[in-house]
Structures are given as structure tokens and as C-alpha cells.
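First the structure, in the form of C-alpha cells, and then the observations on it.
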Amino acid sequence: MKKILFLFSFCAILLIGCDKEISLVLDDNEPVLVIDGSITDHAGPYFVQLSMSTPVGNPTSIVGVNNARVIITDQFGVKDSLQLVSNGLYRTKKIKGTEGGVYNLEVMVDQKKYTASANMPQKVNFDSLRVNTFPFNGEIRYSVIPVYADPIALGNSYRFIQKINDTLDPTFHVFNDNLNNGKVNQRPLRSGDDNLKIKPRDNVFVEMQCISNTSYGYYYSLNLQSGAGPGGGTAPSNPPSNIVGGALGIFSAHTVQRKTIRIN
């Protein structure tokens, strides 16, 4: 079994200025294409990162694929041929992300086609951030709670990206409404990194994404494999994906809202 490394969450990289390395298990020894793309309801450009999987121990952080044809179309027939920026990073030129929009990705590499489709959910309003305190090993710990009212209709999923001062929390914070449908959220963002603690006078930045159920399954699987899931995690495996054709990764369409709070 080979593990592979690829840079992940390009949205987080571009918007927050940090990156993260993900380890997955691959049943084949051959390198596999990794696709990491997203469209949001904010103004573009949007980006699709193409790279090849590499074994653990390889000093290369990312092996970009620069010979691809990358196209995104929407439900209105707008067709956007993405432009290569550098090292496998492709940029849109005219596509616009909107709530409820449907986006189709086509990637051609070495005469092989990969496709994916993503629907952007309607936005659920991100009201505020609330500080939560709790005792842990004789000390007071802090976490933040993203406050939002889940709609009555079942089937909403969310992802949260947390940054404490200048440090990106590596945890995959993903929620759905299976247990709290139609209620105001009370779940805090608990980091899976024991070395990353929120302290008084820290600034905590949170990005809320309303994501599809497909994206939820992908990030939830990564969360379990990272060791932050129930029972300390699960055995690594390729997470479920919406990409057809044999590539790894995810193509996501989601809304974005951001808030910051200072811990007093």
C-alpha cells in the first residue's frame, strides 16, 4: 500500500495564506492524478489544482500537471477554459459562482478525461462567533462556536476553516444537520491538534462554507483518517469523491462567510 501526499484545501491556501499536507492510501503503485478545485459565491477567479500523487518520503511537495485542458461550464451554458498559472494551478477567466448554481468540470490529461459536477447550496447565514470555555486537565480551555440557525429542511452540510492568529487549524471541521436539524448550532470547533490552543488575547478567524452532501462525505472521511474522528480515527483509505475517471480529490461549489473574534 502506498501513501500519497498532496496539498489540500486550495481555497484555504488562497484565502488564509496557509497550506496543509494530506496523507491518503492508494492501492496502486502508479502515480494518480489529484484534482482539487472549488467555486464559491464570491467573485472569481477560481482555481483548480492538478497534481500527481507522490510516495511518502519524496521531498517534492507538489508535482503539478501543466499539460492539461481544464474547462468549467455552468447551467447557463457559460464555458470557461482555465488558464495555467504555474505548477499545475489553473485559473478561471469568466465563470461566476452563485447560490444554487450547477458547475461541471472537465479535465483532459494525456488523452484521458476526468469529470465532476458540483451544486452550490443556498447560503445559511453565519450570525456570529461565541466563545466557549471548558475545564481540561485542571485548566480552562477555550473554543469558539459558530452561531447559525440551521434551516427546517433536512440535508444541510457545513465546513469550517479555523485560524488562530496566524496558524491554520489542520482539523477538518465538518457538520451536518442529522442530529440538530432546524436548531441553532451549539457545537464548538475543537482542534484535533493538541499543540494548538486558544488563549486569552488570541484572534480566531473562522470561515463558514455551506457545502454539498458529497463534499461533506469527502471531508468527513478525511477527518476520520486524520485521527480526529470517533475512537481516534479510522484506517486510511481513499475518501469518497465526485470525480469520475479515476482521479483523487474533490471539486466543490460552496458559499463562503467569514468572521473573527478576539478572546478576552
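The set of residues in the stretch 133-181 that are farther than 19 Å from residue 223 by Cβ, of a type outside the set (D, E, K, R) and either in a loop (DSSP other than H, G, I, E, B) or touching a Phe, Trp or Tyr at 6+ places or on another chain (Cβ under 7 Å) (or both) comprises 133, 137, 138, 148, 151, 152, 153, 154, 155, 165, 181.
The residue pairs whose first member lies in the stretch 249-264 and is at pLDDT 95 or above, whose second member is small (Gly, Ala, Ser) and assigned to a strand (DSSP E or B), and whose beta carbons are closer than 6 Å, counting only pairs six or more residues apart or on different chains, are 251/37; 251/116; 251/118; 252/38; 252/118; 253/118. Pairing each residue of the stretch 177-201 that is in contact (Cβ under 8 Å) with a residue 40 or more places away in the chain with any residue that is part of a loop (DSSP other than H, G, I, E, B) and aromatic (Phe, Trp, Tyr), provided the two are 6+ apart or on different chains, yields C-beta distances under 9 Å for 185/148. Of the residues making up the stretch 216-248, those that are outside any loop (DSSP other than H, G, I, E, B) and modelled with pLDDT of 90 or more are 216, 217, 218, 219, 220, 221, 243, 244, 248.
Rundown of residues vs (1) outside the structural domain of residue 72 (by TED's automatic domain parsing); (2) closer than 15 Å to residue 213 by Cα, yes/no style:
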position: 112; (1), (2): no, no
position: 141; (1), (2): yes, no
position: 148; (1), (2): yes, no
position: 152; (1), (2): yes, no
position: 161; (1), (2): yes, no
position: 173; (1), (2): yes, yes
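For the stretch 184-208, taking the residues that are surrounded by 15 or more Cβ atoms within 10 Å (Cβ to Cβ) and of a type in the set (Lys, Arg), the one that is modelled with the highest pLDDT is identified as 187. Do the conditions hold for residue 72, that is, is it part of a loop (DSSP other than H, G, I, E, B), crowded, with 16+ Cβ neighbours inside 10 Å and free of Cβ contacts under 8 Å to residues at least 60 places away in the same chain? No. Among the residues of the stretch 82-99, those that are surrounded by fewer than 13 Cβ atoms within 10 Å (Cβ to Cβ) and either under 15 Å from residue 37 (Cβ atoms) or out of contact with any strand residue (DSSP E or B) (no Cβ under 7 Å at 6 or more places or on another chain) (or both) comprise 83, 86, 93. Note on the stretch 120-170: residues that are touching a helix residue (DSSP H, G or I) at 6+ places or on another chain (Cβ under 6 Å) and either among the charged types (D, E, K, R) or surrounded by fewer than 19 Cβ atoms within 10 Å (Cβ to Cβ) (or both) total 2.
Flag set for residue 181, criterion: at pLDDT 95 or above and surrounded by 13 or more Cβ atoms within 10 Å (Cβ to Cβ).
The values are calculated or read from the model by the stated rules, or taken from the named source; none is laboratory data. Note that this is a predicted model, so its numbers are computed, not measured. Quick reminder, even Gly has a Cβ in these numbers, built from the backbone with ideal geometry, and neighbours come from all protein chains shown.
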